[in-house]
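Just below is one structure, and these are the notes that go with it.
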Amino acid sequence: MLRIAKEKLNALYAKINESMGLFIPVKRAGEVNYEIWKEGKEVSLETLKTVKSPKNMFFPSTENMMKFKTEGKALEIVDVRDEKKPFVLFGVKACDYKAIEVLDKVFLADPVDTFYQARREATTIVTLACSRPEESCFCGVFGIDATSPLGDATSWLDESYLYVQANTEKGEALIALIKEFVEEGGDAEVKAQQEKTTEILKKLPFAQLDLSRFKPENLNELFEAPQWEELSEACLGCGTCTFVCPTCQCFDIRDFKTHDGVIRYRCWDSCMYSDFTLMAHGNSRTTQMQRFRQRFMHKLVYYPSQNDGLYSCVGCGRCVNKCPQNLNIVKVIKTLGGKKND
């Protein structure tokens with residue numbers, strides 16, 4: 001275990017950024033999100049979860065894919081991608097790192113999404129263990145250990161030090177880059193923090209959510225459950241839950257005419273929208289109940305049945321915090337799955 005004094009962190013950020021580029025949680029206008037580090041920005045590692053998850057680093061909300069130029073009958077396809085330079089993504093919580101695993105199974109499966117792949121290969125991910133989980137957190141329900149996240153390197157933060165250990169070759173290379181800032185020590189402090197945080201996690205309101213009913217063999221029963229009507233009744237179809245979710249991966253592809261050609265780009269889409277998957281004949285899900293059901297059946301049944309039991313929810317609690325109608329996956333799990341007895 002290595003440690004870095006907190007007063008040296010700004011110099012550490014500068015060192016990383018000059019070599020690789022550094023994306024880190026930054027507070028701006030009262031909100032915290034990942035930004036490229038620059039001197040003078042207010043870094044906020046203490047913030048438990050950013051408003052938007054770090055998936056935007058690999059799967060941007062909007063992204064140009066190609067450009068078309070025409071001259072007479074001649075058509076030229078222009079590759080608009082640039083080379084992805086190595087960068088460090090710093091401070092990723094355990095839930096958000098698990099979400100990247102969910103995205104990997106989508107975008108890195110055949111046929112590989114080369115846009116996503118280029119960013120993943122360029123990134124060194126430094127995770128940061130949680131020490132102050134919130135009441136909306138329930139990552140433990142999905143088997144995630146918030147006190148010991150994975151990643152290329154793992155870090156822990158207390159009042160005096162940032163502790164770090166490398167887990168991969170990328171992590172080792174990063175440690176070598178910042179060796180002038182680190183010293184040995186921290187095992188006892190990290191262990192004590194982990195034990196304290198574990199006790200907090202056990203007492204959180206949603207720690208005992210029961211997922212046992214959400215199995216492939218119960219698909220038809222869950223799909224036909226009468227509770228979907230009541231659960232979805234107040235849904236506005238605003239899509240907030242999908243845009244703050246670290247695992248949602250739906251996108252639309254559109255063309256935009258410019259003065260010198262056509263840009264083809266993709267942008268995030270939401271299964272909660274009435275025009276989602278709209279085709280010439282219409283839409284296969286014509287009611288908000290059907291769209292609401294699709295979202296949660298995918299996360300709790302469809303995705304895990306196709307990915308060795310890996311759920312497409314990581315218990316980050318962003319949807320719990322942001323839904324204007326207090327409709328979220330916790331309410332679905334409680335209604336259809338029940339709750340474990342203490």
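Restricted to helices (runs of 4 or more DSSP H) entirely inside region 89-196, those with at least 1 residues that are under 17 Å from the mean Cα position of the chain (by Cα) and of a type in the set (S, T, Y) are 94-107, 114-122. Going by what's in this entry, would A166 be described as surrounded by 12 or more Cβ atoms within 10 Å (Cβ to Cβ) and not assigned by TED's automatic domain parsing to the domain that holds V92? The answer is no for A166. Tell me, yes or no, whether region 93-111 has at least one residue that is under 25 Å from I16 (Cα atoms), in contact with a Pro (Cβ under 9 Å, 6 or more places away or on another chain) and of a type in the set (D, E). Yes, that holds for at least one residue. With respect to the conditions (1) at pLDDT 95 or above; (2) surrounded by 11 or more Cβ atoms within 10 Å (Cβ to Cβ), K215 falls short on a single one, namely (1). In the set Q294, Q249, only one residue is within 28 Å of the chain's Cα centre (by Cα), farther than 22 Å from L108 by Cα and either modelled with pLDDT of 90 or more or in a loop (DSSP other than H, G, I, E, B) (or both); that residue is Q294. Confirm whether C235 is under 25 Å from the mean Cα position of the chain (by Cα), part of a helix (DSSP H, G or I) and at pLDDT below 95. For C235, the condition - under 25 Å from the mean Cα position of the chain (by Cα), part of a helix (DSSP H, G or I) and at pLDDT below 95 - is not met. The residue list T247, T277 contains one member that is surrounded by fewer than 17 Cβ atoms within 10 Å (Cβ to Cβ) and under 20 Å from Y303 (Cβ atoms), which is T277. Considering region 38-61, and only residues there that are closer than 19 Å to T123 by Cβ, touching a residue at least 40 places away in the same chain (Cβ under 8 Å) and surrounded by fewer than 20 Cβ atoms within 10 Å (Cβ to Cβ), the residue that is farthest from the chain's Cα centre (by Cα) turns out to be L45.
Of all the residues in region 297-319, those that are part of a helix (DSSP H, G or I) and more than 20 Å from V92 (Cβ to Cβ) number 10. Given the criteria at pLDDT 95 or above and over 30 Å from F142 (Cα atoms), does L2 qualify? The answer is no for L2. Before we move on, is T240 out of contact with any strand residue (DSSP E or B) (no Cβ under 9 Å at 6 or more places or on another chain), closer than 30 Å to I4 by Cβ and surrounded by 12 or more Cβ atoms within 10 Å (Cβ to Cβ)? It is false that T240 is out of contact with any strand residue (DSSP E or B) (no Cβ under 9 Å at 6 or more places or on another chain), closer than 30 Å to I4 by Cβ and surrounded by 12 or more Cβ atoms within 10 Å (Cβ to Cβ).
The values are calculated or read from the model by the stated rules, or taken from the named source; none is laboratory data. None of the values given here were measured: they were computed from a predicted structure. A quick note on method: Cβ atoms are made from the backbone with ideal geometry, for glycine too, and the neighbour counts reach across all protein chains shown.
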